[in-house]
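*Asks:* I'd like to ask you about the structure that follows.
The values are calculated or read from the model by the stated rules, or taken from the named source; none is laboratory data. Please read these numbers as outputs of a predicted model, since none were measured by experiment. In this analysis, Cβ positions are derived from the backbone assuming ideal geometry, glycine residues included, and neighbour counts consider all displayed protein chains. To get the accessible areas, we keep the full protein, side chains included, count just its heavy atoms, and leave off ligands, DNA and RNA. Shrake-Rupley method; radii C 1.70, N 1.55, O 1.52, S 1.80 Å.
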Amino acid sequence: MIGLTVLVLLIPSTYCKEYVFPDNFKFGVATAAYQVEGAWNTSGKGENIWDYMTHTNPSSILDRSNGDIACDTYNKIKADVQLLKNLGVDFYRFSISWSRILPSGKTDYINPDGIRYYNELIDELLANDIKPLVTMHHFDQPQPLEQEGGFLNLKLADYFEDYADVLYKNFGDRVKDWTTFNEPTLVCFLGYSGEFLAPMITRKDGGYLCGRTLLIGHAKAYHLYNKRYKNDQGGRVGIVHDIFWFEPRTNKIGDIKAAEAAKEFNFGWFAKPIFTQEGDYPQIMKESIARSSKLEGLSKSRLPQLTQEEIELIKGSADFLGVNHYTTFYCSPIEDDTIERGLFYLPDMDANCIVDDKAESSATPWLKVIPSGFRKSLNWIKEQYNNPEVIILENGFSDAGNLLNDCPRVNYYNRYLTEMLKAIYEDDCNVSGYAAWSFMDNFEWRSGYTQKFGLYSVDFNDPSRPRTPKMSAFVFKNIIRERKINWSYTPDGFTKCEWPKSKDEL
Ligand code: GAL
């Protein structure tokens, strides 16, 4: 009888997958400066690459919009922090606008209003028991630095270190969790070898030159903190990598290899140099870039080698790993020309990765709802990088923004968080926190305001930019409060969602 009781008590947690978030697990929501702040030229802020691109080339943005006003969070510190408090989050992930602090990108002039603005935000958060988790660069380097070649120029690693110094000095007494760069793979490939992000430079070696600058800039900022600030301030410094999951399209060896290559080009590129004992770029990248450079008749590889000194500088330069995860792609080798070029493609990567057309869609063409890829990504990180502490710093779902009763978003969060819980409890993945992307609808880069990721809806036609909580805001709040996924929770005033599958099948 006792045996039976024990069995019955054990069943719900595994069979029904009703895991409870660990006591010390932290919840947050995330935004990025250019996407929400507005006040693009207020009180001494300098121009950044997104200001420049949206103003000089408005048609680069799907709805010809820009972040001049965005959500106007610059003018709404107190009200927004109350919304955060109401959600019950432990931390708020936001980024600092480099140009608001250093208008020229360099330390010749520190803009007092930039210091004031972030001081007020940080103080208001702490007064409400919310910890700031700060990203130093989220896609928006100062435009004047672009005149010097932007991240193609290794000198920017030094400017970044100087900028980090200003941040630690001014805010480090209160900010304890820092991340240097957000999604270096996308910054570099989509910004300097592709046309998807500012500054839209298309140089075949651009991504790799940029990558070296970011790795070295990151490492310098990390070591600076350790040397000069860590003792007194007691904080820590990490980096934020984007990880998509890549499945082989079939179980053919070529497809399996293609998926492996994609993982290394997407994630290994920046994770291996920092999070492994041997450091340096993944072997597969070194080999395939050298091969294609040779085929093009180049005398050396387009991937600039890291010197031994640089390898040592970069190795181990992070106290935790920030991870952004959204979706899964399906890969086959590039030479299989029966398949159209997919949405995830990096030059030199011998893989063509496409979305699953049959999977549930969002308003973002590349974002399909495939929760199992989240758990697999976390396991891959655990295995490849010796189970580092991971904080999920972005995960979320877009729609066209006309839905307050946003069941598809609730479905996404419930399912992805369930997979994350399985990774924690069944696979021992070391995940300590989770931030939803995003706190509120905002400027979604080249897609402007056509794709909405927020828990709060923002009316961009109203000059006062009112915020309205969607159903997902209440559900997220309830997850934090109950510390578990509750599929049957319907907040007051909202219509119950019809789930496509029964809970046990999910
Ligand atoms: C990430 C990016 C965010 C946000 C999100 C949704 O790559 O860091 O700023 O835009 O994608 O597309």
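*Asks:* Of all residues in the range 43-65, how many are in contact (Cβ under 8 Å) with a residue 40 or more places away in the chain, farther than 25 Å from SER457 by Cα and either of a type in the set (D, E, K, R) or part of a helix (DSSP H, G or I) (or both)?
*Replies:* 7
*Asks:* Also, I was wondering about something else. Please go through the range 306-357 and pick out each residue that is hydroxyl-bearing (Ser, Thr, Tyr), over 24 Å from ALA221 (Cβ atoms) and buried (at least 16 other Cβ atoms within 10 Å of the Cβ).
*Replies:* TYR326, THR327, THR328, TYR330, SER332, TYR345
*Asks:* Please specify each residue of the range 340-359 satisfying the condition of being within 18 Å of ASN251 (Cα to Cα), without any contact (Cβ under 8 Å) to a residue 60 or more places away in the chain and of a type in the set (A, V, I, L, M).
*Replies:* Residue satisfying the conditions is VAL355 alone.
*Asks:* Now a separate question. Return the only residue of SER317, SER301 being polar (S, T, N, Q), away from the ligand (no atom under 16 Å from the Cβ), free of Cβ contacts under 8 Å to residues at least 40 places away in the same chain and within 21 Å of ALA157 (Cβ to Cβ).
*Replies:* Going through SER317, SER301 in turn, just one is polar (S, T, N, Q), away from the ligand (no atom under 16 Å from the Cβ), free of Cβ contacts under 8 Å to residues at least 40 places away in the same chain and within 21 Å of ALA157 (Cβ to Cβ): SER301.
*Asks:* Return only the number of the condition from (1) more than 17 Å from ALA32 (Cβ to Cβ); (2) within 16 Å of the ligand (Cβ to nearest atom); (3) of a type outside the set (Gly, Ala, Ser) that ARG446 does not satisfy.
*Replies:* (1)
*Asks:* Any idea which of LEU506, LEU417 is at pLDDT below 95, in contact with a helix residue (DSSP H, G or I) (Cβ under 8 Å, 6 or more places away or on another chain) and not hydroxyl-bearing (Ser, Thr, Tyr)?
*Replies:* Selected residue: LEU506, the only one of LEU506, LEU417 that is at pLDDT below 95, in contact with a helix residue (DSSP H, G or I) (Cβ under 8 Å, 6 or more places away or on another chain) and not hydroxyl-bearing (Ser, Thr, Tyr).
One line per residue, one yes/no per condition, for (1) within 14 Å of the chain's Cα centre (by Cα); (2) within 16 Å of the ligand (Cβ to nearest atom); (3) small (Gly, Ala, Ser); (4) open to solvent by 20 Å² or more (accessible area, probe 1.4 Å):
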| site | (1), (2), (3), (4) |
| --- | --- |
| ASP165 | no, no, no, yes |
| TYR168 | no, no, no, no |
| ARG174 | no, no, no, yes |
| PRO184 | yes, yes, no, no |
| PHE196 | no, yes, no, yes |
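*Asks:* Here is a list: ALA473, ALA435, ALA423. Which entry is within 16 Å of the ligand (Cβ to nearest atom) and among the small types (Gly, Ala, Ser)?
*Replies:* Being within 16 Å of the ligand (Cβ to nearest atom) and among the small types (Gly, Ala, Ser) holds for just one of ALA473, ALA435, ALA423, which is ALA435.
*Asks:* Looking only at the range 130-146, how many residues end up being within 16 Å of the ligand (Cβ to nearest atom) and either of a type outside the set (Ser, Thr, Tyr) or open to solvent by 10 Å² or more (accessible area, probe 1.4 Å) (or both)?
*Replies:* Total satisfying the criteria: 8.
*Asks:* Would you point out the residue of the range 6-40, among those that are at pLDDT 95 or above and small (Gly, Ala, Ser), that is surrounded by the fewest Cβ atoms within 10 Å (Cβ to Cβ)? Walk me through how you get there before you give the answer.
*Replies:* The first filter runs over the range 6-40 and keeps only residues at pLDDT 95 or above, leaving 19-40.
Remaining after also requiring small (Gly, Ala, Ser): 28, 30, 32-33, 38-39.
Values: GLY28: 26, ALA30: 29, ALA32: 25, ALA33: 26, GLY38: 21, ALA39: 19.
Top of the filtered list is ALA39.
*Asks:* Can you tell me which of (1) under 19 Å from the mean Cα position of the chain (by Cα); (2) surrounded by 22 or more Cβ atoms within 10 Å (Cβ to Cβ) is the one GLY46 doesn't meet?
*Replies:* Result: GLY46 fails condition (1) only.
*Asks:* List pairs: first in the range 476-490 and over 15 Å from ASP406 (Cα atoms) and among the basic types (Lys, Arg), second open to solvent by 60 Å² or more (accessible area, probe 1.4 Å) and in a loop (DSSP other than H, G, I, E, B), Cβ under 8 Å, 6+ apart or cross-chain?
*Replies:* If the second residue must be open to solvent by 60 Å² or more (accessible area, probe 1.4 Å) and in a loop (DSSP other than H, G, I, E, B), the pairs left are LYS484/GLU18.
*Asks:* Can you work out which of the residues in the range 320-344 that are more than 16 Å from the ligand (Cβ to nearest atom) and of a type in the set (Ser, Thr, Tyr) is nearest to TRP437 (Cα to Cα)? It would help to see each step written out before you state the result.
*Replies:* Step one: of the range 320-344, the residues more than 16 Å from the ligand (Cβ to nearest atom) are 320, 330-342.
Retained after the next criterion (residues that are of a type in the set (Ser, Thr, Tyr)): 330, 332, 338.
Numbers: TYR330: 24, SER332: 30, THR338: 35 Å.
Ranking the candidates gives TYR330 first.
*Asks:* Do you know which of the residues in the range 434-491 that are within 18 Å of the chain's Cα centre (by Cα) and among the hydroxyl-bearing types (Ser, Thr, Tyr) is nearest to GLY396 (Cα to Cα)?
*Replies:* SER438
*Asks:* On the given criteria, is THR490 polar (S, T, N, Q) and either within 16 Å of the ligand (Cβ to nearest atom) or assigned to a helix (DSSP H, G or I) (or both)?
*Replies:* No; evaluated as a whole, the condition is false for this residue.
*Asks:* Which of the residues that make up the range 241-283 are small (Gly, Ala, Ser), touching a helix residue (DSSP H, G or I) at 6+ places or on another chain (Cβ under 6 Å) and assigned to a helix (DSSP H, G or I)? Quick ask: steps written out before the conclusion?
*Replies:* Taking the range 241-283 first, the residues small (Gly, Ala, Ser) are 254, 258-259, 261-262, 268, 271, 279.
Then drop every residue that is not touching a helix residue (DSSP H, G or I) at 6+ places or on another chain (Cβ under 6 Å), which leaves 261, 279.
The one that is small (Gly, Ala, Ser), touching a helix residue (DSSP H, G or I) at 6+ places or on another chain (Cβ under 6 Å) and assigned to a helix (DSSP H, G or I): ALA261.
*Asks:* Moving on. Give me the helices (runs of 4 or more DSSP H) completely within the range 66-158, filtered to those with at least 2 residues that are among the β-branched types (Val, Ile, Thr) and under 23 Å from the mean Cα position of the chain (by Cα), ordered by residue number. First the steps, then the outcome.
*Replies:* Working: elements: 77-87, 98-101, 112-127, 143-146.
The helices (runs of 4 or more DSSP H) meeting that bar are 77-87.
*Asks:* Applying the selection to the range 216-243, what residues are of a type in the set (Phe, Trp, Tyr) and surrounded by fewer than 21 Cβ atoms within 10 Å (Cβ to Cβ)? Can you show your working first?
*Replies:* Of all residues in the range 216-243, those of a type in the set (Phe, Trp, Tyr) come to 222, 225, 229.
Of everything in the range 216-243, just one residue is of a type in the set (Phe, Trp, Tyr) and surrounded by fewer than 21 Cβ atoms within 10 Å (Cβ to Cβ), namely TYR229.
*Asks:* I would also like to ask the following. I need every pair where a residue in the range 271-285 that is farther than 21 Å from LEU378 by Cα has its Cβ under 8 Å from the Cβ of a residue that is at pLDDT below 95 and open to solvent by less than 40 Å² (accessible area, probe 1.4 Å), sequence separation at least 6 or different chains.
*Replies:* MET285/ASP348
*Asks:* Only one of (1) open to solvent by 40 Å² or more (accessible area, probe 1.4 Å); (2) of a type in the set (S, T, N, Q); (3) part of a helix (DSSP H, G or I) is not met by THR213, so which one is it?
*Replies:* For THR213, the exception is condition (1).
*Asks:* Of all residues in the range 50-76, count the ones that are of a type outside the set (Asp, Glu) and within 9 Å of GLY38 (Cβ to Cβ).
*Replies:* The qualifying residues number 7.
*Asks:* Return the residues of the range 397-419 that are surrounded by fewer than 23 Cβ atoms within 10 Å (Cβ to Cβ), hydrophobic (A, V, I, L, M, F, W, C) and within 16 Å of the ligand (Cβ to nearest atom); say none if nothing qualifies.
*Replies:* Of everything in the range 397-419, just one residue is surrounded by fewer than 23 Cβ atoms within 10 Å (Cβ to Cβ), hydrophobic (A, V, I, L, M, F, W, C) and within 16 Å of the ligand (Cβ to nearest atom), namely ALA400.
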